[in-house]
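Take a look at the structure below.
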2 protein chains.
Amino acid sequence: MSQDKHIAIVGATGAVGEEMLKCLEERAFPMSKLTLLASARSAGQKRTFRGEEIEIQELTHDSFGGIDVALFAAGGGISEEYAPSAVKAGAIVVDNSSAFRMDPDVPLVVPEINPEDARQAKKGIIANPNCTTIISLMALFPLHKKFGLKSIIASSYQAVSGSGTAGIAELEQQVNALAQGEPIEQNVYPKQIAFNVIPHVDVFQDGGYTKEELKMLNESRKILALPELKVSCTCVRVPVYRSHSVSLTAEFDQAVDVAQAREAFAGYPGIQLVDDPDQELYPVPLDTTNKNDCLVGRIRKDTVMDNALALWVVGDQVLKGAALNAVQIAEVL
Amino acid sequence: MSQDKHIAIVGATGAVGEEMLKCLEERAFPMSKLTLLASARSAGQKRTFRGEEIEIQELTHDSFGGIDVALFAAGGGISEEYAPSAVKAGAIVVDNSSAFRMDPDVPLVVPEINPEDARQAKKGIIANPNCTTIISLMALFPLHKKFGLKSIIASSYQAVSGSGTAGIAELEQQVNALAQGEPIEQNVYPKQIAFNVIPHVDVFQDGGYTKEELKMLNESRKILALPELKVSCTCVRVPVYRSHSVSLTAEFDQAVDVAQAREAFAGYPGIQLVDDPDQELYPVPLDTTNKNDCLVGRIRKDTVMDNALALWVVGDQVLKGAALNAVQIAEVL
């Protein structure tokens, strides 16, 4: 970047938008100006950024004049409606929603994996992948580079922050209500999430998989440029406030053992190995909350498939799974 | 059974022991007498059974005179020490611990699957399988009968009741302490379990798998009499009070589709199909709590392996995963 940029956050008061603000601040992102956009309801609120107060403005089609990079974190509907206006005004859009991810002219980028794709944004839009996919691929990419990824079987343990502030509030309300013998409220999840797990994230599609589960298949293929990659996934919401965990079985072209797998992570940014059964060391969601790095552990030789490993990865899905990854994409530009 | 029997529960004040008492009562088990045994600490307490008060007696090596069937639910150490005394006194032992499960002379029985094995108790001991294994096999057995089970890849979501009353108390204490800003207590689990998930159930073994994970392999092979069965498992504790869930990928000898798989469950006792994505119907742990049946759903064609299905099973691990299964074994005798 030759010049400092004017950045906008669309959806600045949401769970991901708030974290984008923090990421921009912490990473000393080179910028001349920050514009915060949100719905009319939030307009007028203030946020502090690098010691200065910024007033949140109402998002309109005319919000994007002079903006270089617009980080969208307000859901697919808002992205579909306003991203074209941002592009028309000359901004590059980094979109956290799923609206454009599978568009062949929209790169889908994890900066540690395929940063070069970010420079192919024919439509002026770059998509931020699904959170569970990012976290899973952070663990699988170093192994893929060395052993050649062939298939993934995944079961997720997804935090309520994946549903934004409303998901967090619902778990809190239910836990408090149950403690006081009061009725629970249920608006975000189809079942009680407190002290329960729900094998249903996003809507069901033909074949019985959910959209979230199919994202793991389709987005992994696109990010890794492996159109033949096989992926089977079961996505489950758990009563954790933040950080997604994924139990992975990964099959490779080449033989791989646990020692080789552990070595493969050396030197890769954004992923830390926490894997020492003798010391009872393995990652859990509370260890990654508010941290940028994903943590990988429980690496074992899989006992069902040849050339396969079982492993466990955890990452803060609001950060690496969303806000941080988007800011990193903006940094690549 | 020609005669009504004298039954004993060893560990009558534990989470599983208490449920055994309820199961015996609810199932109108034909018995002449019930003896409740526990540690000296609990001796003298009373429990009501079929309208009568029974005083809990201290467990000693002389506790088993006249007892026909002794249900052991007090942990492996107690089983190892006292089961031989029970057998010597003429009782048949149904043991809920892992102490004797892999002994070739001890049958390992799920009554819906291999009831005939219960009659081969050469040592007078019958073992009750691991809870996660029972629940998983309840879902897989009807499919195995029809399509021939070849391999299982499993990720579990295990409730704290799997650690007995101490596990339940630890989750409760942590949730309350966190709500009040007080320090959490941590005695049962190596990490905070409230609002967290822990990929560590039972102790680590060579190769990085835990004992719990290897139970799924070894016990499944023994129960199904499939010595070549391949099983790979990741066991995870979740902040759910009761009922284990398991995300399964099951590979079969024969081709299988979702409709055939659903049909396979018709007529099998102890397992209910709850599987209608269009109606958002699938099992969750709260649905099975205090219920005898396991529930299976989310049946999908697996997209990684040929002839394979992805599915989701949930069962009350204190009941079908422990107490109920033990009482059912006693019924088979």
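The values are calculated or read from the model by the stated rules, or taken from the named source; none is laboratory data. Just so we're clear, the structure is a prediction, and the values are computed from it rather than from any experiment. A quick note on method: Cβ atoms are made from the backbone with ideal geometry, for glycine too, and the neighbour counts reach across all protein chains shown.
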Practice item. Would you tally the residues in the range A:190-206 being hydrophobic (A, V, I, L, M, F, W, C), within 8 Å of another protein chain (Cβ to nearest Cβ) and farther than 15 Å from B:Val197 by Cβ? Key: 1
Exercise for review: Quick one: count up the residues across the range A:47-79 that are within 19 Å of the chain's Cα centre (by Cα) and not β-branched (Val, Ile, Thr).
Suggested key: 9
Check your understanding: Is there any pair linking a residue in the range B:174-191 that is closer than 15 Å to B:Val240 by Cα and not assigned by TED's automatic domain parsing to the domain that holds B:Val160 to one that is assigned to a loop (DSSP other than H, G, I, E, B) and among the basic types (Lys, Arg), with Cβ under 6 Å and at least six apart or on different chains, and which?
Key -> none
Review point. Residues of the range A:184-201 being surrounded by 17 or more Cβ atoms within 10 Å (Cβ to Cβ) and acidic (Asp, Glu), which ones?
Key: none
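Table: residues versus (1) outside any loop (DSSP other than H, G, I, E, B); (2) within 14 Å of chain A (Cβ to nearest Cβ); (3) more than 21 Å from B:Lys211 (Cα to Cα).
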| site | (1), (2), (3) |
| --- | --- |
| B:Thr133 | yes, no, no |
| B:Ile153 | yes, yes, no |
| B:Ser156 | yes, yes, no |
| B:Gly167 | yes, yes, no |
| B:Val175 | yes, yes, yes |
| B:Asn187 | no, no, no |
Exercise for review: Identify all residues within the range A:172-193 that are in contact with a Phe, Trp or Tyr (Cβ under 9 Å, 6 or more places away or on another chain) and acidic (Asp, Glu); write none if there are none.
Suggested key: A:Glu172
Point to revise | Qualifying position, being part of a loop (DSSP other than H, G, I, E, B) and of a type outside the set (Val, Ile, Thr), among B:Lys123, B:Lys145 | key: B:Lys123
Point to revise | Residue that is surrounded by the most Cβ atoms within 10 Å (Cβ to Cβ) [pool: residues in the range A:53-82 that are under 17 Å from A:Thr165 (Cβ atoms) and among the aliphatic types (A, V, I, L, M)] | key: A:Ala73
Practice item. With the condition kept exactly as written, say whether any residue in the range A:221-236 is farther than 28 Å from A:Ala118 by Cα, of a type in the set (Asp, Glu) and over 19 Å from the mean Cα position of the chain (by Cα). Key: no
Review point. Mind checking whether some residue in the range B:273-293 is among the charged types (D, E, K, R), out of contact with any Leu (no Cβ under 6 Å at 6 or more places or on another chain) and away from chain A (no Cβ under 11 Å)?
Key: yes
Review point. Considering only strands (runs of 3 or more DSSP E) fully contained in the range B:19-120, which possess at least 1 residues that are farther than 25 Å from B:Cys294 by Cα, in contact with an Asp or Glu (Cβ under 9 Å, 6 or more places away or on another chain) and of a type in the set (A, V, I, L, M, F, W, C)?
Key: B:31-38, B:46-49, B:69-72, B:92-95
Point to revise | Evaluation of B:Gln254 against (1) outside any strand (DSSP E or B); (2) over 15 Å from B:Ala139 (Cβ atoms); (3) facing chain A (nearest Cβ under 9 Å) (one fails), failing number | key: (3)
Review point. Taking A:Gln120 and the conditions (1) modelled with pLDDT under 95; (2) in the same structural domain as A:His244 (by TED's automatic domain parsing); (3) surrounded by fewer than 20 Cβ atoms within 10 Å (Cβ to Cβ), which numbered condition does it fall short on, given that it satisfies the others?
Key: (2)
Review point. For the range B:217-237, how many residues meet the condition of being out of contact with any Leu (no Cβ under 6 Å at 6 or more places or on another chain), within 10 Å of another protein chain (Cβ to nearest Cβ) and more than 19 Å from A:Val284 (Cβ to Cβ)?
Key: 4
Practice item. Give the residue, chosen from A:Leu34, A:Leu59, that is among the hydrophobic types (A, V, I, L, M, F, W, C) and either free of Cβ contacts under 8 Å to residues at least 40 places away in the same chain or within 19 Å of A:Ile126 (Cα to Cα) (or both). Key: A:Leu34
Revision key, fill the gap. Checking A:Val314, A:Val240, A:Val256, A:Val318 in turn, the sole residue that is among the β-branched types (Val, Ile, Thr), in contact with a helix residue (DSSP H, G or I) (Cβ under 8 Å, 6 or more places away or on another chain) and under 21 Å from A:Leu226 (Cβ atoms) turns out to be A:Val256
Exercise for review: Restrict the check to the range A:128-137 and report whether at least one residue is over 17 Å from the mean Cα position of the chain (by Cα) and farther than 20 Å from A:Gly14 by Cβ.
Suggested key: no
**Study point:** Looking only at the range B:1-28, and only at residues there that are over 11 Å from B:Leu324 (Cα atoms) and aliphatic (A, V, I, L, M), the one that is modelled with the lowest pLDDT
**Key:** B:Met1
Review point. Is it true that some residue in the range B:307-324 is buried (at least 24 other Cβ atoms within 10 Å of the Cβ), more than 19 Å from B:Ser156 (Cα to Cα) and small (Gly, Ala, Ser)?
Key: yes
**Study point:** Residues of the range A:102-116 satisfying the condition of being in contact (Cβ under 8 Å) with a residue 24 or more places away in the chain and charged (D, E, K, R)
**Key:** A:Asp103, A:Glu112
Point to revise | Candidates B:Leu140, B:Leu149, B:Leu108 - the one that is crowded, with 23+ Cβ neighbours inside 10 Å and in the same structural domain as B:Leu311 (by TED's automatic domain parsing) | key: B:Leu140
Exercise for review: Any chance you could count how many residues in the range A:152-167 are polar (S, T, N, Q) and surrounded by 24 or more Cβ atoms within 10 Å (Cβ to Cβ)?
Suggested key: 4
Practice item. Please indicate, with yes or no, whether at least one residue in the range A:257-272 is within 21 Å of B:Arg237 (Cβ to Cβ) and surrounded by 22 or more Cβ atoms within 10 Å (Cβ to Cβ). Key: no
**Study point:** Subset of the range A:215-237 [among the β-branched types (Val, Ile, Thr) and in a strand (DSSP E or B)]
**Key:** A:Val231, A:Thr234
Practice item. Looking at (1) in the same structural domain as A:Met20 (by TED's automatic domain parsing); (2) touching a residue at least 24 places away in the same chain (Cβ under 8 Å); (3) more than 18 Å from A:Gly315 (Cβ to Cβ), find the lone condition where A:Asn96 falls short. Key: (3)
Practice item. Please work out which residue is nearest to B:Ser156 (Cα to Cα), limiting yourself to the range A:238-248 and to residues that are within 7 Å of chain B (Cβ to nearest Cβ) and in a strand (DSSP E or B). Key: A:Ser247
Exercise for review: Scan the range A:298-309 residue by residue and report those that are of a type outside the set (Ser, Thr, Tyr), facing chain B (nearest Cβ under 8 Å) and touching a helix residue (DSSP H, G or I) at 6+ places or on another chain (Cβ under 9 Å).
Suggested key: A:Arg298, A:Ile299, A:Arg300, A:Lys301
Check your understanding: Here are some residues: B:Val188, B:Val201. Which one is over 19 Å from A:Ala154 (Cβ atoms), modelled with pLDDT of 95 or more and in contact with a Cys (Cβ under 6 Å, 6 or more places away or on another chain)?
Key -> B:Val201
